[in-house]
Amino acid sequence: MIKFTLDEQATTPVPTVFLKKYMCDAPADYVKVYLYGLCLANAGTQLSDVELEAELHMTASQIEAALNYWCLKGQMTKSGAKYAFVMPDSTTKEDEPKKRRAPLYEMQNFNNMLRTVLARDLSPAELNKIYDYTDVFGLPQEVVLALVEYCVAERGNRISVAYLDKVAEGWSEEGVNTLEKAQQKIESYKAVSGGANRLMRLMGLHGKYPGKTEMDLYNKWTEKWGFTHEAIEFVMKGKEFSKDQPFKYLDAILRSLYDRGITSSRKINEFYTAQKERRANIKEILTALKYSRIVVAPKHEQFYDEWRSAGFPQQIILLACAQSVKIGSRRFESVDSFLKDWKQQGLGTEEEIKKYLRKQNTIDRKIAQVYESAGVERAVGEADRRTYLRLTQEKGLSHDVLLYAAEYSSLKDRPFEYMMKVLNRWAEEGVDTLEKAQKQNLSNLFAKAPGALEREYSDEEKKKREQDAYADMERLYGE
């Protein structure tokens, strides 16, 4: 049992006759307009048309239809743009509205036709509600009969009058007020309803019929967006639809295609094929980067789309992945760095990049040889390559000169820093061959260079290490 209570607060008195006689048979939105208007009248508040539409979440025509309905029912009077509520104690039987609906027996022919279409008897309450379609909505009787006939054909003769109310109100708002317009509307409904109904069957919604929401969405997809029914069914293939608002889920999918200008079956097929290939390529990239979980994330898709937009084919992207793994990185940012570097150097084909990598590997081996001679444990990076190329190509130092300097620098506490100071000094002095390097005052090589730290050795240990180094130099580079 539901029990209602009332706290101390501002109240709006509602006529009992409205609650008992009129409210239950009236459309829900009409009741809303009546009660909200009564509340405003009781508080002495006025709202503009725009404000009223916003508060009630209804259009101006819907609000006007509701107000006219209550005027017809004798619960309101209209004077220009002013509507006044007729309260029980403000009128007498003599003052009751003179305009009165024709008795049921005067509508006998109309009643019989309704009974024939619905294949059942209608109660006086149901007949009175259907009469509202002519008296309130302004639809001619032949339009009402066409409406009822169509709804019965779609839903069966057990259709509720409440459903008929919604259709009649919609027709009134759309101006379907002649038999010709009604027939055009019905043909349009049949096309939309039939298509929407087939989609519902594909979604597994058996035993249900498309309502206004489904009809409006289907009409938007086909009439406004330009999807054919076959194209919509193609989009649905392989997708699972829950029973909770499946049409809205399908609407989101179709909108993403519509925003890309993809509405035909051919374009949709091409798009899905490309999407499938795209995901397969990203998974191949993840595999090349040694990922343990091959799961495509939005970040991966963003990088991949940028690479393809820049013109990098899959094989070149995989080459960049291999180089990234080689330096110990599996990050997409590292792959991106390689690709941008190759593009900056004008390398556009796979063969050009492989040739560049072979040359780079040769340089890396030479640099590693120099570091090994100097006793330096250091991974070769891009900065090391630039330094090596500057010394050998720009300054003209031979590789043997670098090895010669590295061997002597191995005696120092910080051999890498010391070796670079020596090589930079030789580059300035033009010591570019092994012969020139050997003619340098070898003792000067062990003078403390600015900023270079030496290991702490005793005089005897230092002399012994210098003698060993000279012996190694003579063995490696002596004639």
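Each residue in region 36-52 was checked for being surrounded by fewer than 15 Cβ atoms within 10 Å (Cβ to Cβ), within 20 Å of T11 (Cβ to Cβ) and among the hydroxyl-bearing types (S, T, Y), and 1 of them qualify.
In region 204-212, is there at least one residue being surrounded by fewer than 15 Cβ atoms within 10 Å (Cβ to Cβ) and assigned to a helix (DSSP H, G or I)?
Here is the first cut: in region 204-212, the residues surrounded by fewer than 15 Cβ atoms within 10 Å (Cβ to Cβ) are 204, 206-208, 211-212.
Imposing the further condition that a residue be assigned to a helix (DSSP H, G or I) reduces the set to 212.
For region 204-212, residues surrounded by fewer than 15 Cβ atoms within 10 Å (Cβ to Cβ) and assigned to a helix (DSSP H, G or I): present.
Across region 160-193, the number of residues qualifying as buried (at least 17 other Cβ atoms within 10 Å of the Cβ) and modelled with pLDDT of 85 or more comes to 10.
So if I check each of T362, T392, which one is open to solvent by less than 70 Å² (accessible area, probe 1.4 Å), closer than 30 Å to D341 by Cα and at pLDDT below 90?
Numbers: T392 fails: at pLDDT below 90.
Being open to solvent by less than 70 Å² (accessible area, probe 1.4 Å), closer than 30 Å to D341 by Cα and at pLDDT below 90 holds for just one of T362, T392, which is T362.
Scanning region 395-419 for residues that are part of a helix (DSSP H, G or I), open to solvent by 20 Å² or more (accessible area, probe 1.4 Å) and under 27 Å from R358 (Cβ atoms) yields H399, D400, F416. Candidates in region 203-225 are the residues that are touching a residue at least 24 places away in the same chain (Cβ under 8 Å) and more than 24 Å from the chain's Cα centre (by Cα); of these, the one that is nearest to G156 (Cα to Cα) is Y209. Filtering region 53-88 to residues that are within 22 Å of P13 (Cα to Cα) and either touching a Leu at 6+ places or on another chain (Cβ under 8 Å) or surrounded by fewer than 11 Cβ atoms within 10 Å (Cβ to Cβ) (or both) leaves E55, I63, M76, K78, K82, Y83, F85, P88.
Restricting attention to region 370-382, the residues being open to solvent by 50 Å² or more (accessible area, probe 1.4 Å) and either of a type in the set (A, V, I, L, M) or touching a Leu at 6+ places or on another chain (Cβ under 7 Å) (or both) number 1. If you check every pair at least six apart or on different chains, which have Cβ atoms under 9 Å apart with a residue in region 426-440 that is within 14 Å of D400 (Cβ to Cβ) first and a residue that is among the aromatic types (F, W, Y) and crowded, with 17+ Cβ neighbours inside 10 Å second? Filtered contacts from region 426-440: D432/W426; L434/Y404; K436/W426; A437/Y404; A437/W426; Q438/Y404; Q440/W426.
Would you mind finding the one in I367, I363 that is in a helix (DSSP H, G or I) and touching a Lys or Arg at 6+ places or on another chain (Cβ under 6 Å)?
Values: I367 fails: touching a Lys or Arg at 6+ places or on another chain (Cβ under 6 Å).
Only one candidate passes the filter, namely I363.
The values are calculated or read from the model by the stated rules, or taken from the named source; none is laboratory data. Keep in mind it's a predicted model, so treat the numbers as computed, not measured. Reconstructed Cβ throughout: ideal geometry from the backbone, glycine too, with neighbour counts over all protein chains shown. Heavy atoms of the whole protein, side chains included, go into the accessibility calculation; ligands, DNA and RNA do not. Shrake-Rupley method; radii C 1.70, N 1.55, O 1.52, S 1.80 Å.
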